[in-house]
Amino acid sequence: MRDERYTKLAEVLVNYSVAIERKQLVQISGPTLAEPLMTEVYRAVLKAGGHPATRPYFPGHSEIFYALAKKHHLEYVSPLSKFETERVDRFITIWGDENTRALSNVDPEKQKLRSRSNRELFHRFLERESAGEIKWVGTQFPCNASAQDAEMSLTEYEDFVLNACLVNLKDPIAAWRKIHNKQKRICNRLNKAKTIRVVAKDTDLKMKVTGRKWINCDGQANMPDGEIFTGPIENSVEGKIAFSFPACYSGREVHGVRLTFKKGRVVKATADKGEDFLHAMLDTDDGARRVGEFAIGTNYNVQKFTKNTLFDEKIGGTIHMALGASLPESGGVNESGIHWDIVNDLREGGTIYADGKIVHRDGKFKL
Amino acid sequence: MRDTRLEKFAKVLVHYCLGAEKGDAMLIRGESIAAPLIHEVYAEALRAGAHPMLRLALPGMSETFYNTAKKHQLTYQSPFAQYEIENIDKLMSIRATENTKDLSNIDPKTQAVARKSQTKWMQTFRDRSAAGDLRWSLTQFPCSAYAQNAEMSMSDYEDFVFRACMLHRKDPVAAWRSVHRKQAKFCKRLNQAKKLRIVREGTDVSMSIAGRTWINSDGRTNMPSGEVFTGPVEDSVEGKIRYSFPAIWGGREVHGIELTFKKGKVVKATAEKGEDFLHATLDTDEGARFVGEVAVGTNYNIQKFTKNILFDEKIGGTVHIAVGASYPQTGGKNSSSVHWDMITDMRHGGRIYADGKLIYKDGQFILS
């Protein structure tokens, strides 16, 4: 049975998010369980005149890989992947899992080595993206494993995902354009600011954003979307932050993360659960201790924390900070093999100041 | 649930068929429904130190392609597929499908156009494997759609596949090595021959095989295997063949094919069912009307025609003569984007003569 909503979502991804043109090379990657969406995306790319290259993978293979991989496997970067990174015009990434915790017991050192090996590819990808040569969008296929994390039934979770993507609306593309215009005004305001300060429970954090650019996330790179972000000046972050939500990475959860920054660097990191993993991640490389991204979530169709960054970082009324690589379009220059978004709720008592003036309070912009 | 026979299967594929070594770039191609076998092959490849990469196809994707693609998409040569075939060391293809007839209603011309765009890929594949730079193997995961065509239950069909691959034997690799030795004798005899004549009811065809090499297909490139084959001198095939089994290409069945050859070329082609498709395929390109391969099936663990070329062409006691591309390692020079194996049963009254001497009768070699 075909769910017409996937046809609609595929059209948003192909015709709005990465806006495929005739004869463009389009890589579509995703787990085999996302077949209903992947098939529709494949069809939509063909309809748009593009050349789709599908890259389905088995959800369980990372686990097999880490269980059996020797050092030369972990260090290997496939020339095929390099070639694709150089040649693809449009990337559509679909996420989905059978078990979001399949990698819970993998040695973090192995994952770290793997991230380090992939760094060159990731860097090249970002470089091409900021040069405007490629466009990329990532989306989530609603599957049971994610529904389970979200503490919902699959049917409820499908509605959650598709509503967050505005696919429930008659014309989702028009709705995303409207969001673009609204967020543009917010970015214009913040682009004038030199310093940002965030105050919330156990949190008082300052950073400089002078000369950096606020980016309008309007459904082109993520679906769903709804956030604005920048890259703070790398050595300017000072103070402490206590994250209200768990930090999730590759199926791991770290609860009660508290970070203290000095001159932009994490100098103290504690957690209630998963502190070892937090430390291992921070030790990935030098850049992993610095903030690559500071962002404000604006999607008020996403209200609930579902342990999935794609949605959680968009929750209307939250901020998130990413440790690791900055996104070059913001002007950020931090380099790292990781990019780890951690989300903090501002809906009850949080305040954001721009050059000392309140611009956001209790989860809403006050411009 | 894990079927432990699949672990055994994967070991044969990775070590015997492909000879995977540390550092090899290995591509595993297959339909996602072959997951249980692909998992085992992926794991075994890692254990061998190779770098396995997957290229999975999702069910129904080909149909979507043919029904949606415009001309520039049908004729497109993917630079990724080309780059892969130029750079990998090992290629494992695992067949599986949910529906063997899902392309039945696609215009054969559309398929022919798409196939033509694969010519360069095929050429690179053949050249690199002939040069020994690329080792490849093709196998099939037993699934319901094939069982249905074979008119068997799923568990009977699994047994059929595993027996054909000799996985029921304690040491399948030793069993395949013994097949290799036996077939080496057939090849040696055939390599001395200049002329081959195949005779059975409705069939009397002659061809020159002078200077061509007979290849011992011992389970490495096809699993299962069990055949010896060569490419006849392209313009030498003369006479008529009536194929006793339906010939299947791109999911279509053509029944009761009769081909008449003059100077190597098909000059008349008739069929009881699917004649239009037969003609369209023969018209794909110039090479599609010439014989690319003549072969004798030797796998006596396969007795039944199951509408699946990987198994049917190996049936002990059959001959197949393929139109289209030849395999360069035989010395064959025919180039085409088609390679369509058509099979005929020799078990009852079939005879093969080498330079006029009877060397094969009723489905068995009779070498002195």
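The values are calculated or read from the model by the stated rules, or taken from the named source; none is laboratory data. As the structure is a computational prediction, the values presented were derived from the model and not from experiment. Every residue, glycine among them, receives a Cβ derived from its backbone with ideal geometry; neighbour counts consider all protein chains shown.
Assorted remarks:
- Against the list (1) facing chain B (nearest Cβ under 10 Å); (2) surrounded by fewer than 21 Cβ atoms within 10 Å (Cβ to Cβ); (3) assigned to a helix (DSSP H, G or I), the condition A:Ser62 fails is (1).
- B:Gly19 vs. criteria facing chain A (nearest Cβ under 10 Å) and part of a loop (DSSP other than H, G, I, E, B): no
- A:Ser104 away from chain B (no Cβ under 11 Å) and surrounded by fewer than 20 Cβ atoms within 10 Å (Cβ to Cβ): yes
- Residue match in the range A:37-60 (condition: within 23 Å of the chain's Cα centre (by Cα), more than 18 Å from B:Lys70 (Cα to Cα) and without any contact (Cβ under 8 Å) to a residue 24 or more places away in the chain): no
- All positions within the range B:325-360 that are under 21 Å from B:Arg242 (Cβ atoms) and exposed (fewer than 15 other Cβ atoms within 10 Å of the Cβ): B:His348, B:Gly349, B:Leu358
- Taking helices (runs of 4 or more DSSP H) as the structural unit, those lying wholly within the range B:63-145 and holding at least 3 residues that are in the same structural domain as B:Ala45 (by TED's automatic domain parsing) and touching a Leu at 6+ places or on another chain (Cβ under 8 Å) correspond to B:79-87, B:108-116.
- Residue in the range B:22-32 that is farthest from B:Asn222 (Cα to Cα), counting only those that are more than 9 Å from every other protein chain (Cβ to nearest Cβ) and in contact with an Asp or Glu (Cβ under 7 Å, 6 or more places away or on another chain): B:Asp24
- Tally, over the range B:1-26, of residues that are farther than 23 Å from B:Ala145 by Cβ and surrounded by fewer than 22 Cβ atoms within 10 Å (Cβ to Cβ): 12
- Selection status of A:Thr306, among the hydroxyl-bearing types (Ser, Thr, Tyr), under 24 Å from A:Arg361 (Cα atoms), outside any strand (DSSP E or B) and touching a residue at least 60 places away in the same chain (Cβ under 8 Å): yes
- All conditions but one from (1) farther than 14 Å from A:Tyr300 by Cα; (2) surrounded by 18 or more Cβ atoms within 10 Å (Cβ to Cβ) apply to A:Asp171; the one that does not is (2).
- Scanning the range B:66-83 for residues that are of a type in the set (A, V, I, L, M, F, W, C) and facing another protein chain (nearest Cβ under 7 Å) returns B:Ala69, B:Phe80.
- Of the criteria (1) within 26 Å of A:Asn181 (Cβ to Cβ); (2) surrounded by fewer than 21 Cβ atoms within 10 Å (Cβ to Cβ); (3) under 17 Å from the mean Cα position of the chain (by Cα), which one A:Gly331 fails: (3)
- Within the range B:146-177, restricting attention to residues that are of a type in the set (Lys, Arg) and either touching a Cys at 6+ places or on another chain (Cβ under 8 Å) or not in a helix (DSSP H, G or I) (or both), the residue that is nearest to B:Phe245 (Cα to Cα) is B:Arg169.
- Picking from residues in the range B:50-60 that are farther than 8 Å from B:Ile28 by Cα and not hydrophobic (A, V, I, L, M, F, W, C), the one that is farthest from the chain's Cα centre (by Cα) is B:His51.
- With respect to (1) surrounded by fewer than 18 Cβ atoms within 10 Å (Cβ to Cβ); (2) within 26 Å of A:Met38 (Cβ to Cβ), the lone exception for A:Glu127 is condition (2).
- Output for the range A:10-36, where each listed residue is in a helix (DSSP H, G or I) and within 11 Å of chain B (Cβ to nearest Cβ): A:Thr32, A:Leu33, A:Ala34, A:Glu35, A:Pro36
- Residue count for the range A:130-167, restricted to those that are polar (S, T, N, Q) and either surrounded by fewer than 21 Cβ atoms within 10 Å (Cβ to Cβ) or assigned to a loop (DSSP other than H, G, I, E, B) (or both): 6.
- Scan of the range A:37-54 for residues that are of a type outside the set (A, V, I, L, M, F, W, C), surrounded by 20 or more Cβ atoms within 10 Å (Cβ to Cβ) and not in a loop (DSSP other than H, G, I, E, B), ordered by number: A:Thr39, A:Glu40, A:Tyr42, A:Arg43, A:His51, A:Pro52, A:Thr54
- Scan of the range B:34-64 for residues that are within 9 Å of chain A (Cβ to nearest Cβ) and among the β-branched types (Val, Ile, Thr), ordered by number: B:Ile38, B:Thr64
- Residue count for the range A:237-253 satisfying the condition of being crowded, with 18+ Cβ neighbours inside 10 Å, more than 17 Å from the chain's Cα centre (by Cα) and part of a strand (DSSP E or B): 1.
- Test: B:Tyr157 is at pLDDT 95 or above and within 14 Å of chain A (Cβ to nearest Cβ): no
- Count of the range A:208-236 residues which are aromatic (Phe, Trp, Tyr) and over 20 Å from the mean Cα position of the chain (by Cα): 0
- Taking the range B:30-45 as the range and being under 14 Å from B:Lys8 (Cβ atoms) and among the acidic types (Asp, Glu) as the test, the residues that pass are B:Glu40, B:Glu44.
- Residue in the range A:168-175 that is closer than 26 Å to A:Glu293 by Cβ, outside any loop (DSSP other than H, G, I, E, B) and free of Cβ contacts under 8 Å to residues at least 12 places away in the same chain present: yes
- Among the residues of the range B:39-59, just one is part of a loop (DSSP other than H, G, I, E, B) and surrounded by fewer than 17 Cβ atoms within 10 Å (Cβ to Cβ), namely B:Gly49.
- Residues that are part of a helix (DSSP H, G or I) and aromatic (Phe, Trp, Tyr) were ranked within the range A:65-83; the one that is farthest from the other protein chains (Cβ to nearest Cβ) is A:Tyr66.
- The range B:14-49 - residue that is under 22 Å from the mean Cα position of the chain (by Cα) and among the hydroxyl-bearing types (Ser, Thr, Tyr) and, of those, farthest from A:Arg55 (Cα to Cα): B:Tyr16
- Residue in the range B:1-10 that is within 7 Å of chain A (Cβ to nearest Cβ) and among the polar types (S, T, N, Q) present: no
- When A:Glu348 is tested against (1) among the acidic types (Asp, Glu); (2) assigned to a loop (DSSP other than H, G, I, E, B); (3) buried (at least 20 other Cβ atoms within 10 Å of the Cβ), only condition (3) is not met.
- Within the range A:81-89, the presence of a residue that is in contact with a strand residue (DSSP E or B) (Cβ under 7 Å, 6 or more places away or on another chain), of a type in the set (Gly, Ala, Ser) and not assigned by TED's automatic domain parsing to the domain that holds A:Asn308 is excluded.
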